[in-house]
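Every number in this text was worked out from the coordinates using simple rules, so none of it is lab data. Not measured: the values here are computed from a predicted model. Cβ coordinates were reconstructed from backbone atoms using ideal geometry, including for glycine residues, and neighbour counts include every protein chain displayed.
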């Protein structure tokens, strides 16, 4: 029987309390997977996937980022990170949860075995995990990069400039329709004629309808969040930054080959190849035919779950 626990921790931003969840297996913990969720959603959307892994003896945890989910207490704060160092605050919150969870579940008693710790990042979370590997990757046992993309440095910097220009005119809480169209609107347009504003997420209409009707999903980002998100992405375009990644941990890239964020698979393959070029010793990549952005919520999600578990079994749990 999987047990679901909710808890809070103080964000590195200093004031907010981050809402977090852990799904605890009934027996001994074989490994820990920490999920880093995507843009304009929240951690409980991963419940089905987390329960599946917990059923295999893997503890799963994750939290709502600043400006997301139940970390938000005032609706005006949806899509807003922090007054200063928003990108770094998100990275530090990921690290805090890793440290806290690691102390609780991975520090084996004398004579006990090592309990592996893996990060799983989806979409915006995939970019955060890629940054995390460069900053705090030492000691991790693996990473799953889900629904990522390949944004050139110049493109990310341009997006930062657009966000900053909007902020200078309207303030950092300004929500730019133009930036929203660039990030999400253009993605949805690729699946015209559109049934909803979120067709690009999945072929599963029930999942899409649930997303559209959920007030905690699909909200517009502020200039603050866009600036900080693309600040982090821009760092991934610098080789000197990427050189800090650990080379010894296995990395698994997964995405749909109809995901516009990953340039319909091409961007994902480029990022995976870049990891190999940088000397990461064990890189695997799997693209799912016809799947869109949220492969954990796709029609073939059970196959995706099984493939993630198979990779964990082969690379980490064996």
Degrees separating the helix 266-277 axis from the principal Cα axis of the chain, which is the longest one: 50 degrees
Proxy exposure order for 236, 119, 269, 312 (fewest C-beta within 10 Å first) is 269, 236, 312, 119
Pick from 278, 169, 97 the residue whose mean-square fluctuation is largest in a GNM of the chain, springs joining Cα atoms under 10 Å. 169
If you average the sequence gap of Cα pairs under 8 Å that are 6 or more apart and divide by the length of region 206-318, what percent do you get for the contact order? 23 percent
Between rounded, prolate and oblate, where does region 84-140 land on the alpha carbon gyration tensor, with a ≥ b ≥ c its root eigenvalues, rounded for a/c under 1.5, else prolate if a/b exceeds b/c? prolate
Least to most buried among 124, 160, 15 (fewest other Cβ within 10 Å first): 15, 160, 124
For Cα pairs less than 8 Å apart in space and 6+ apart in sequence, what is the mean separation divided by the residue count of region 108-225, i.e. the relative contact order in percent? 21 percent
Mean Cα-pair separation over length for the chain, i.e. relative contact order, pairs under 8 Å, 6 or more apart, %: 18 percent
Give me 176, 28, 313, 123 sorted ascending by neighbouring Cβ count inside 10 Å, so fewest comes first. 28, 313, 176, 123
The chain, helix-only ellipticity at 222 nm - DSSP H runs n ≥ 4, -39,500 (n - 2.57), divided by all residues, nearest 500: -11000 deg cm²/dmol
Once the convex hull of the alpha carbons of the chain is built, what does its volume come to per residue, in cubic angstrom? 126 Å³
Roughly how tilted is helix 223-235, in degrees to the nearest 10 and between 0 and 90, from the longest Cα axis of the chain? 60 degrees
